[in-house]
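Undergrad: Next up is a structure, given as structure tokens.
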Ligand code: ARG
């Protein structure tokens, strides 16, 4: 009898565990009940999400933020942005801290095993940034042998750098702003970033340049999408897909990008 009881208890505990750790509890109802969606994002990724001074106040802006606002509007609720390092953005979905994540997140087959994704809203490409004064020094992947090449921690650029610049020594950094500073100061010799983000930094740093001498191949992870915990209600994902399709076909998304390009990214990400 005692044995049976303890067995039953173990069983109950297992069911309880499964309930916490298993699929997401994000549904249209849960969102409506809260009256808001919490969106996990980052803040050093212009023109998608970054901080700029608006009326003297550091404000989170960018095309991903506009997309998030439009999603909240579609769902008829408020929006709250939870800003964190990029390498924590996806994990925050698993812990249930955020309902969705929008952070220029590329869809990869690896990530698809662990997360659900919306339709894609943007296509990126990877580039290499070097100092203007090094433009004639680094002219091929081989020329970066034993040189320090930076990529953002947790990003697909880590893989791109490791696979396509195999002789370089890859350095992972949490902050893109920090990475650019290290490139300027010579601690890094080159940096791998996506083109739109690289262009933003080049525009603000005339000692840096995107080199066209080292080109990176697409590795099939160029599509940005909104990420969800596995098991998120299809109704929620459908609503997000509708917003994406409208924003793309109306040209709205391009306008958001163009508007973001007129803002200056705050140099420090200090909260
Ligand atoms: N697209 C790349 C990836 O998904 C980089 C994204 C970085 N995003 C950011 N907000 N820093 O891995």
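The values are calculated or read from the model by the stated rules, or taken from the named source; none is laboratory data. Values in this document were obtained by computation on a predicted structure and should not be read as measured data. As a convention, Cβ positions derive from the backbone with ideal geometry for all residues, glycine included, and neighbour counts pool all protein chains shown.
Undergrad: Looking for whichever is touching a strand residue (DSSP E or B) at 6+ places or on another chain (Cβ under 8 Å), more than 17 Å from residue 224 (Cβ to Cβ) and in contact (Cβ under 8 Å) with a residue 40 or more places away in the chain here; the options are 195, 132. Which one fits?
TA: Of 195, 132, the one residue that is touching a strand residue (DSSP E or B) at 6+ places or on another chain (Cβ under 8 Å), more than 17 Å from residue 224 (Cβ to Cβ) and in contact (Cβ under 8 Å) with a residue 40 or more places away in the chain is 132.
Undergrad: Looking only at helices (runs of 4 or more DSSP H) that fall completely inside the stretch 43-95, which ones have 3 or more residues that are in contact with a helix residue (DSSP H, G or I) (Cβ under 7 Å, 6 or more places away or on another chain) and either under 21 Å from residue 231 (Cα atoms) or touching a residue at least 12 places away in the same chain (Cβ under 8 Å) (or both)?
TA: 63-75
For (1) buried (at least 20 other Cβ atoms within 10 Å of the Cβ); (2) more than 21 Å from residue 45 (Cα to Cα), each residue gets a yes or a no:
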residue	(1), (2)
135	no, yes
140	no, yes
153	no, no
161	yes, no
169	no, yes
176	yes, no
180	yes, no
195	no, no
210	no, no
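Undergrad: Would you mind finding the one in 210, 214, 237 that is assigned to a loop (DSSP other than H, G, I, E, B), away from the ligand (no atom under 16 Å from the Cβ) and at pLDDT 95 or above? Let's see the steps before the verdict.
TA: Details: 210 fails: assigned to a loop (DSSP other than H, G, I, E, B); 237 fails: assigned to a loop (DSSP other than H, G, I, E, B).
Result: 214 is the single residue among 210, 214, 237 that is assigned to a loop (DSSP other than H, G, I, E, B), away from the ligand (no atom under 16 Å from the Cβ) and at pLDDT 95 or above.
Undergrad: Only one of these is more than 20 Å from residue 104 (Cβ to Cβ) and in contact with a strand residue (DSSP E or B) (Cβ under 6 Å, 6 or more places away or on another chain): 215, 211. Name it. Spell out the reasoning first.
TA: Details: 215 fails: in contact with a strand residue (DSSP E or B) (Cβ under 6 Å, 6 or more places away or on another chain).
Answer to the check: 211.
Undergrad: Only one residue in 56, 16 is loosely packed, with under 14 Cβ neighbours inside 10 Å, modelled with pLDDT under 95 and closer than 30 Å to residue 204 by Cβ, so which one is that?
TA: Answer to the selection: 56.
Undergrad: Separate question: Going through 178, 242 one at a time, which residue ends up being out of contact with any strand residue (DSSP E or B) (no Cβ under 9 Å at 6 or more places or on another chain), at pLDDT 95 or above and not in a strand (DSSP E or B)?
TA: 242
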